[in-house]
Amino acid sequence: MLWGLNRKALNYTGTLYEWPEWIGRYYREEGVTDICLYGDWRPRHWEAVRLAYARGIRVWVFEEGYLRAGFSTLEENGVNGRSSLPVNPQDIREMAVGLPDPEAIKIENDIHDKVVKAILHHVGNVCFWPKFHNYRTHRPTNIFFELRGILPRYLKRKSRQKRSMERWAHFQKSDDPYFFYPLQLVSDSQVQLYSPYVRVQEAIADVLASFVLHAHPKTRLLIKNHPLDNGLINYGEFIKGFAEELGISDRVTYVEDGSTPDMIAGSRGVVLINSTVGLMALDQDKPVYCMGRSIYNIEGLTQSLPTTPLDVFWRAPKAPNQPLYRAFKRILNAQALVHGNFYSAQGISLAVADSVRRFEDSHVHLQPKHRQMVMRSRDDFSKYRKFGI
């Protein structure tokens, strides 16, 4: 959050070890009843959340929207792998009765504004280092190291986009069926906390090895990089070398840029770890295979371990149960979504207004019957989901 110079803020300048005492004392002295966070796993967030739970303080967590665009995520207690959304199909059907469908409001996602504020954030970290020298980013590398990848990637963006468009155009000339695999950021908590992988390369290796052994010989694989990748890992070279060793370089295509919805639309199915691209694919009635833990990784919507190995998915992808998916989206809308975003004046205003409504509206909180359903669903889920915490 960019508070500016004239807004009142609490400046914490202590160490990570002094933080629990500081935030705990603040809770006590100010009589805090609720806290809001962006993400629930970052350094200092985790300690603040555990202290809040111990003192009966309600925890609200913001994140990027589960549904894009026009929505942001706001859940009580946690998001993603810590979400309290139900996962049992029968509970989902019962809880969705009478709930409205989500209605997206068209809001421009101002990437320019996001980039400018990111630059200001890093400039502030440098300029105010003497005062905030104990600050540590949640990302695995600092900005000076990341710039080694970001700057060349930025300078080469036009040639990169042109090359991707040419590859995509050539790819579309063939009528052979294909599967789509969107990459995720290696720093994404979805990968680090809620998947069996530490590096994205591990997931790529699993997908390619399974593909060569079990996909139909006429089937192709399209892999697309994440649009916010910092360029520190050369996925193109890694995929090229791995595919050549497997003898499938003519069946594997890697692109940096392009329309994700269009790539989903032409595919037989989508393979991913746990990206929100999975929800985009379900919207298009495409089979989805999840290699990690996700809010939408539900029997009837996706395929995953332990019931279905990836090896089987290539030959027998199953389309999602659309009535179940519509019911799931209604619950998603009621319990986990607010209109707006974090990157434009209009988006922020909508998000603030909808968030305040969520805080005040007692009807969005689960009734006892529904709370029992969620707990039973999560218990059932944990019996066969070994990913995450």
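Only the coordinates and a few stated rules stand behind these numbers; no lab work does. If you're wondering where the values come from, they're calculated on a predicted model, not measured in any experiment. Note that each Cβ is placed from the backbone with ideal geometry, even for glycine, and that neighbours are counted across all protein chains shown.
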remark   = In degrees, nearest 10, the alpha-carbon axis of helix 157-172 is tilted away from the dominant principal axis of the alpha carbons of the chain by 50
request  = Quick one: order ARG163, ARG293 by neighbouring beta-carbon count within 10 Å, fewest to most.
outcome  = ARG163, ARG293
task = Please give the residues of region 232-274, grouped as numeric ranges, whose backbone N is less than 16 Å from a label point set 7 Å along the Cα-to-Cβ vector of GLU166.
result = 254-258
task = Could you order peptides 276-289, 216-229 by the average number of other Cβ atoms within 10 Å of their residues, highest first?
result = 276-289, 216-229
task = With only Lys, Arg, Asp and Glu charged, each at its Cβ (+1 for the first two, -1 for the last two), find how big the charge dipole of the chain is about the Cα centre; round to the nearest 20 debye.
result = 340
task = Quick one: grab the alpha carbon gyration tensor of region 3-46, order the square roots of its eigenvalues as a ≥ b ≥ c, and give me rounded if a/c is under 1.5, else prolate or oblate depending on whether a/b is larger than b/c.
result = rounded
Given LYS156/LYS240; LYS224/LYS286; LYS240/LYS286, the pairs whose alpha carbons are separated by over 23 Å = LYS240/LYS286
note = Listing VAL255, VAL97 by rising number of other beta-carbon atoms within 10 angstrom, fewest first, gives VAL97, VAL255
Net charge of neighbours whose Cβ lies under 14 Å from the Cβ of ILE57, counting Lys and Arg as +1 and Asp and Glu as -1 = -1
request  = Tell me what the chain gives for mean residue ellipticity at 222 nm when only DSSP H runs of n ≥ 4 count, each as -39,500 (n - 2.57), the sum divided by the residue total, rounded to 500 deg cm²/dmol.
outcome  = -13500 deg cm²/dmol
task = Among VAL352, TRP314, PHE171, pick out the residue whose Cα is farthest towards the positive end of the charge dipole of the chain, where Lys and Arg carry +1 and Asp and Glu carry -1 on C-beta, about the Cα centre.
result = PHE171
Debye, to nearest 20: dipole size of region 180-249, +1 on Lys, Arg Cβ, -1 on Asp, Glu Cβ = 240
ask   = For region 35-192, what is one quarter of the convex hull surface built on the Cα atoms, given in nm²?
value = 15.0
request  = Calculate, for TYR12 and ARG58, the FRET efficiency according to 1/(1 + (r/R0)^6) with r their C-beta to C-beta distance and R0 25 Å; round to the nearest 0.05.
outcome  = 0.70
task = Just rank CYS127, CYS290, fewest to most, by other beta-carbon atoms within 10 angstrom.
result = CYS127, CYS290
ask   = Roughly how many Å is it from the Cα centre of region 44-89 to that of region 188-238, as a whole number?
value = 27
inquiry  = Using only the alpha-carbon atoms, how far is helix 345-360 inclined from the longest principal axis of the chain? Give it as 0 to 90 degrees, nearest 10.
reply    = 60
note = Helix 368-384 sits off the longest principal axis of the Cα atoms of the chain, rounded to the nearest 10 on a 0 to 90 degree scale, by 50
query = Excluding GLU29 itself, what net charge comes from residues whose Cβ is under 13 Å from its Cβ, given Lys and Arg +1 and Asp and Glu -1?
reply = +1
task = Classify region 183-293 as rounded, prolate or oblate, taking a ≥ b ≥ c as the square roots of the eigenvalues of its Cα gyration tensor: rounded when a/c is under 1.5, otherwise prolate if a/b is larger than b/c and oblate if not.
result = rounded
ask   = Looking at [x] 21.1, 65; [y] 22.0, 67; [z] 22.9, 89, which value of Rg and Dmax of the Cα atoms in Å comes from a calculation on the structure shown?
value = [y]
Hull volume in cubic angstrom per residue (convex hull over the Cα atoms of region 251-367) = 138
remark   = Answer in debye to the nearest 20: the dipole magnitude of region 240-357 about its Cα centre, from +1 Lys/Arg and -1 Asp/Glu charges placed on Cβ, is 520
